Amino acid sequence: MRVFYKISEFSAYLCEVAGRPIHFIPTMGALHRGHVSLIQTAVEAAHKDGGIVAASIFVNPKQFNDSKDFMNYPDQFSQDVEALTRACCDVLLKPSVEDVYPSEAPPSTEISLSRLGEVMEARHRPGHFEGVCAVVERLFRIVSPSYVYMGEKDFQQLAIIRKLVQDLDLSIEIIPCSTVRMDNGVAMSSRNLLLTDEDLETASALYGVLQWCKSQIRNQSIDHILHTAYRRLRENPKLKVEYIEIRNERSLATFSNTGIVSTPEMVDRARCFVAAYIREVRLIDNLKLTG
């Protein structure tokens, strides 16, 4: 695997492989099995079309509304390189902040996020998705990928990146990939590195509640499910629940009918989202409730 630290050198490499599809996985490093599964999915696709599998590692300061969270973000670059190499990634871009955001660069294109940028993560992390869009647009311009692979754990982010691609009329296909979980159900996340074994056991309650919501979605009203799920999570003193919501996975709107799931729209699109803290580590997860 070739590693580039400067965008100019990476761009020169892309000229060498011009005409081959680029299968791209943007990351912030501290890679785990979820990231590796994205790489492996991309590798399988690239074998079929003769493409290049490219990954990036860039901890984007613009998407952190908490400076402490930014400073504490895990860094394990040597292990990341080993993981990408084993997964048969072709090329890695690890640029500096100054290279990604040069002073002479034009400002990022304004994207109207509408409801996607007003609820859940956007409400609790103001400015987060504006920062995400800024770096993703920049990376897409640099890499010019044909395909981008993203995990469903960050489902709201996935929806926003799809909208960005549509609004900017980019010729990129976003490939959603299922959430990879630990044996106890905890969604794989780079922030898991900041948790103890005991913390991870506590975190398993999030997936447990999501599964319970799924088991009840055809039998109980949405209001009742959310009230009970919130109470169950609050019973654990080690969890600080930020939100638990059931929304339309396509629009991220709440359902006007908060009764028992019955309409075709609700049956096809209901997804539950949860966010909570364990100590100072913030975790998110989601689960499709039907199908």
| request: Read through the list (1) surrounded by 11 or more Cβ atoms within 10 Å (Cβ to Cβ); (2) at pLDDT below 95, then give the number of the only condition that residue 104 fails. | output: (1)
| field | Scan of segment 113-155 for residues that are buried (at least 19 other Cβ atoms within 10 Å of the Cβ), farther than 17 Å from residue 57 by Cα and free of Cβ contacts under 8 Å to residues at least 40 places away in the same chain, ordered by number | value | 122
| If you go through segment 193-232, how many residues are in contact (Cβ under 8 Å) with a residue 12 or more places away in the chain, part of a helix (DSSP H, G or I) and within 12 Å of residue 278 (Cα to Cα)? | 9
| Residue check, residue 176 out of contact with any Gly (no Cβ under 7 Å at 6 or more places or on another chain) and surrounded by fewer than 16 Cβ atoms within 10 Å (Cβ to Cβ) | yes
| query | Where in segment 1-98 are the strands (runs of 3 or more DSSP E), entirely inside, with at least 3 residues that are at pLDDT 95 or above, of a type outside the set (Asp, Glu) and open to solvent by less than 40 Å² (accessible area, probe 1.4 Å)? | reply | 22-27, 52-57, 91-93
| query | What number of residues in segment 218-273 are within 25 Å of residue 113 (Cβ to Cβ), among the small types (Gly, Ala, Ser), surrounded by fewer than 17 Cβ atoms within 10 Å (Cβ to Cβ) and modelled with pLDDT of 85 or more? | reply | 2
| said: Tell me yes or no: at least one residue of segment 152-166 is in a loop (DSSP other than H, G, I, E, B), hydrophobic (A, V, I, L, M, F, W, C) and over 25 Å from residue 74 (Cα atoms). | reply: no
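The values are calculated or read from the model by the stated rules, or taken from the named source; none is laboratory data. Every value quoted in this text rests on a predicted model; they were computed, and no experiment measured them. Neighbour counts are summed over all protein chains in view; Cβ atoms, including those assigned to glycine, are modelled from backbone coordinates with ideal geometry. Remember, those area values only see protein heavy atoms, side chains included, never the ligands or the DNA or RNA. Shrake-Rupley method; radii C 1.70, N 1.55, O 1.52, S 1.80 Å.
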